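Participant: Got a structure for you, written out below as structure tokens; questions coming shortly.
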Amino acid sequence: MTLRLSRAFLPTLKETPAEAQIASHRLMLRAGLIRQTSAGIYAWLPAGLRVLRRVEQIVREEQDRAGAQEILMPTIQPAELWRESGRYDDYGKEMLRIRDRHEREMLFGPTNEEMVTDIFKQFAKSYRDLPRNLYHIQWKFRDEVRPRFGVMRGREFLMKDAYSFDLTKEGAQHSYRQMFLAYLRTFARMGLKAIPMRADTGPIGGNLSHEFIILAETGESQVFVSRDLLERDVLAEAPDYDSDLTAQVDFWTSHYAATEEMHDEAAWAALSEDKRVSARGIEVGHIFYFGTKYSAAMGMAVTGPDGQPVIPEMGSYGIGVSRLVGALIEANHDEAGIKWPDAVAPWAAAILNLRPGDGPTDALCETLYARLGSEGAVYDDRPVRAGEKFADADLMGFPWQAIIGPRGAAAGRVELKRRMTGEREEVSLEDAITRIKGG
Ligand code: 5CA
């Protein structure tokens, strides 16, 4: 793949698209990450796709670490499954219903509780087949009344959804805690502070649920959080997922954090003033424990240790993978554009050649590009003004800009700019490579 900008498909826009109301939507369009194809439906262009894949990979690694196993279920589901659970009629207009050539009723899945239960019940016969946690990362469709804010509230969106099956309530609560802690790590690895908050269960059902919400001015929900939660260093403690996780989860549930719907004025007032943070938030994950709601409705049972049938206890655990790309930009941008955290950046660096055609400048750029590779860097070799290169690199948000012009090239020096902080320094070629590869 050639990542010379003169040949790449990284289409940036100078003008601000009129339809975009929030920064992340504007910047995703302007930086050439996505293009809208229908209301709430987007095509992902090369830079956007790379970020989406990196976000997905962090989600996958943390699900695997917590003991969940990846599968891939289809996007299209048969209506019968949803009749069994009783949700076919309840789900209403948000469900996109489809008829095939045999007039069979199908739908584009908005979530997969029914399908995963139907698949797993054919294999799980005995208590020895439990517990299991199965997840997939797949496109969902919800015919939202008001799709808006780009990928934040889309109609077609990429979700990670996991489903746990346990023999007992206590087992199910352990599975819930595993996902709870895996979520904290997942978002922290992306440089996001996501706070778990007790939540309403909506159409998924059940009576225990947490939303994971990051604070951002343009968030759709009003939230109330204790400062102690915001100051917690999540990555400092790596959970042993096989051990009792109660204490680690209790830290989070014993401090105040609530959305507007669940807000308790009295408990909030009891908190000292300097601990109270009220802000807007974006929901990036949502976990549910709903007992036997789906397993019972769909006739799932395993033989227990005493030979009696047991209906498995279930939970489901969602992360908005495509929404996260927007959320990451809401949390990391300035007037000039995106400031990608290293963990999710599409490329670590952009090499800006300030004088294409100048022998030493071209040579130093080519050497740096060869050493970083097309996975590590894009090379802006276009015959355009330096100002345009600076503006595009700031807009696209590469964590590093390696700026090379005739003066530096003659001395074998590279000017490095760190996009996140704006710091600049002049370094040797070797030091530039070490810095960029080191994150
Ligand atoms: N089955 C459960 C858990 S797997 C479920 O569907 N939960 S959910 O409805 O809360 O969705 C999970 C996550 O998907 C949400 O936390 C949110 O981050 C993301 N999401 C939901 N709807 C949209 C949407 N319209 N556009 C983008 N992301 C969405």
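Read-outs: derived from the displayed coordinates by stated rules, not from any lab. Just so you know, these numbers come straight off a predicted model, no measurement behind them. Here Cβ is always computed from backbone atoms with ideal geometry, including for glycine, and neighbour counts include all displayed protein chains.
Participant: Would you calculate the volume per residue, in Å³, of the smallest convex hull containing every Cα atom of the stretch 1-40?
Facilitator: Values: hull volume 3.6 nm³, N = 40.
Given the Cα convex hull of the stretch 1-40, per-residue volume reads 91 Å³.
Participant: Where does helix 386-396 land angle-wise versus the long Cα axis of the chain, in degrees 0 to 90, nearest 10?
Facilitator: 10 degrees
Participant: Looking at the stretch 262-413 from every direction and averaging, what is the projected area of its Cα convex hull in nm²?
Facilitator: On the way: hull surface 73.0 nm².
Reported value for the Cα convex hull: 18.3 nm².
Participant: Over all alpha-carbon pairs in the stretch 1-76, figure out the percentage whose distance exceeds 15 Å. Don't skip to the answer; put the middle values down first.
Facilitator: Numbers: 1935 of 2850 pairs.
So the portion of pairs separated by more than 15 Å is 68 percent.
Participant: Another question, if that's okay. Looking only at chymotrypsin sites (Phe, Trp or Tyr not before Pro) in DSSP loops with at most 12 other Cβ atoms within 10 Å, what is the longest site-free stretch of the chain? Kindly include the intermediate steps, with their values, before the conclusion.
Facilitator: Working: sites that count: F9, F123.
That would be 124-439.
Participant: Here is a further query. How much FRET efficiency would the formula 1/(1 + (r/R0)^6) give for R97 and S221, where r is the Cβ-Cβ distance and R0 is 25 Å, rounded to 0.05? Present the calculation step by step, with values, prior to reporting the outcome.
Facilitator: On the way: r = 29 Å, r/R0 = 1.17.
According to the calculation, E is roughly 0.30.
Participant: Ok, one more. What angle, in degrees between 0 and 90 and rounded to the nearest 10, separates the Cα long axis of helix 359-376 from the longest principal axis of the Cα atoms of the chain?
Facilitator: Roughly 10 degrees between the two axes.
Participant: How many angstrom lie between the Cα centre of the stretch 214-233 and the Cα centre of the stretch 303-334?
Facilitator: 20 Å
Participant: Can you give the Rg and Dmax of the chain based on its C-alpha atoms, in angstrom?
Facilitator: When restricted to Cα atoms, the chain yields Rg and Dmax of 24.4, 81 Å.
Participant: Residue separation times 0.36 nm, minus the C-alpha to C-alpha distance between K437 and E105: what's the value? Walk me through the numbers on the way to the answer.
Facilitator: Details: separation 332, 0.36 × 332 = 119.52 nm, distance 5.18 nm.
Length difference between fully extended and current span is 114.3 nm.
Participant: Which ³J(HN,Hα) values in Hz, rounded to whole numbers, follow from the phi angles of the stretch 33-45 under the Karplus curve 6.51 cos²θ - 1.76 cosθ + 1.60, where θ = phi - 60° and Gly and Pro get x?
Facilitator: Coupling constants for the stretch 33-45: 8, 9, 9, 6, 10, 8, 4, x, 10, 10, 8, 9, 8 Hz.
Participant: Restricting everything to alpha-carbon atoms, can you work out Rg to Rh for the stretch 48-99 with a Kirkwood hydrodynamic radius? Before the final figure, lay out the partial values.
Facilitator: Values: Rg = 16.0 Å, Rh = 14.1 Å.
Using only Cα positions, Rg/Rh for the stretch 48-99 is 1.14.
Participant: A further question on this structure: When the chain is fully extended, how far beyond the present Cα-Cα distance does A297 get from T246, taking 0.36 nm per residue of separation? It would help to have the intermediate numbers written out before the result.
Facilitator: Numbers: separation 51, 0.36 × 51 = 18.36 nm, distance 3.00 nm.
Stretched fully, the A297-T246 segment lengthens by 15.4 nm.
Participant: Run the simple label-point estimate for T75 and I119 please: 7 Å along Cα→C-beta, distance reported in nm.
Facilitator: Between T75 and I119, the simple spin-label model gives 1.6 nm.
Participant: Then there is this: Can you give me the C-alpha center-to-center distance between the stretch 403-425 and the stretch 74-118, rounded to a whole angstrom?
Facilitator: The stretch 403-425 and the stretch 74-118 have Cα centres spaced 55 Å from each other.
Participant: Report the gain in length on full extension from E375 to E61: 0.36 nm times residue separation, minus Cα-Cα distance, nm rounded to one decimal. Please report the intermediate quantities before stating the final value.
Facilitator: Working: separation 314, 0.36 × 314 = 113.04 nm, distance 2.01 nm.
Fully extending the segment from E375 to E61 adds 111.0 nm.
Participant: What is the pair-distance distribution P(r) of the stretch 227-276, computed from all Cα-Cα distances in 10 Å bins starting at 0, with each bin given as a whole percent?
Facilitator: Answer for the stretch 227-276: a P(r) of 20, 46, 25, 9 percent.
Participant: Quick check on the stretch 179-313: what are the equivalent-ellipsoid semi-axes from the Cα gyration tensor, as sqrt(5λ), descending, whole Å?
Facilitator: Working: eigenvalues 195, 66, 40 Å².
So the three semi-axes of the stretch 179-313 are 31, 18, 14 Å.
Participant: Let me ask another. Please report the Cα spread of the stretch 74-120 along all three principal axes, rounded to whole Å, starting with the longest.
Facilitator: 28, 21, 17
Participant: Can you give the Kirkwood hydrodynamic radius for the stretch 333-419, in Å, rounded to one decimal and based on Cα pairs?
Facilitator: Details: mean 1/r = 0.0779 Å⁻¹.
Evaluated on the stretch 333-419, it is 12.8 Å.
Participant: Calculate the spin-label point distance for V145 paired with E19, positioning each point 7 Å from the Cα along the beta-carbon direction, and give it in nanometres.
Facilitator: The modelled label-to-label distance comes out at 2.1 nm.
Participant: Quantify how much of the Cα-Cα distance distribution of the stretch 169-212 extends past 13 Å, in percent.
Facilitator: 60 percent
Participant: What is the set of long-range amide H partners of R4 at a cut-off below 5 Å, with H atoms built 1.01 Å from backbone N?
Facilitator: Residues meeting the amide H criterion: Y379.
Participant: Here is a further query. Could you run the Karplus curve 6.51 cos²θ - 1.76 cosθ + 1.60 with θ = phi - 60° over the stretch 415-424 and give me ³J(HN,Hα) per residue in whole Hz, x for Gly and Pro?
Facilitator: Listing the rounded values in order: 8, 9, 10, 8, 5, 4, 10, x, 5, 10 Hz.
Participant: Calculated FRET efficiency, D334 and E426, Cβ-Cβ r, R0 30 Å, to nearest 0.05? Provide the component values of the computation, followed by the final result.
Facilitator: On the way: r = 23 Å, r/R0 = 0.78.
Calculated value: 0.80.
Participant: Report, to two decimal places, the Cα Rg of the stretch 389-439 normalised by 2.2 N^0.38 Å (N = number of residues). Walk me through the intermediate numbers first.
Facilitator: Working: Rg = 10.7 Å, N = 51, 2.2 N^0.38 = 9.8 Å.
That works out to 1.10 for the stretch 389-439.
Participant: What Kirkwood Rh does the stretch 29-136 have if only Cα atoms enter the pairwise 1/r average? Answer in Å. Kindly include the intermediate steps, with their values, before the conclusion.
Facilitator: Numbers: mean 1/r = 0.0593 Å⁻¹.
After inverting the mean inverse Cα-Cα distance, the result is 16.9 Å.
Participant: If you fit an axis through the alpha-carbon atoms of helix 46-65 and take the longest principal axis of the Cα set of the chain, what angle between them do you get, 0 to 90°, nearest 10?
Facilitator: Here the helix axis deviates by roughly 40 degrees.
Participant: In nm, to one decimal, how far is the modelled label at E273 from the one at D233, with both set 7 Å along Cα→Cβ?
Facilitator: Roughly 3.1 nm, to one decimal.
Participant: What do you get for GluC sites (Glu not before Pro) in the stretch 52-107 restricted to DSSP loop and a cutoff of at most 11 other Cβ within 10 Å of the site's Cβ?
Facilitator: On the way: sites: E56, E61, E62, E70, E80, E84, E94, E103, E105; in loops: E103.
Filter output for the stretch 52-107: E103.
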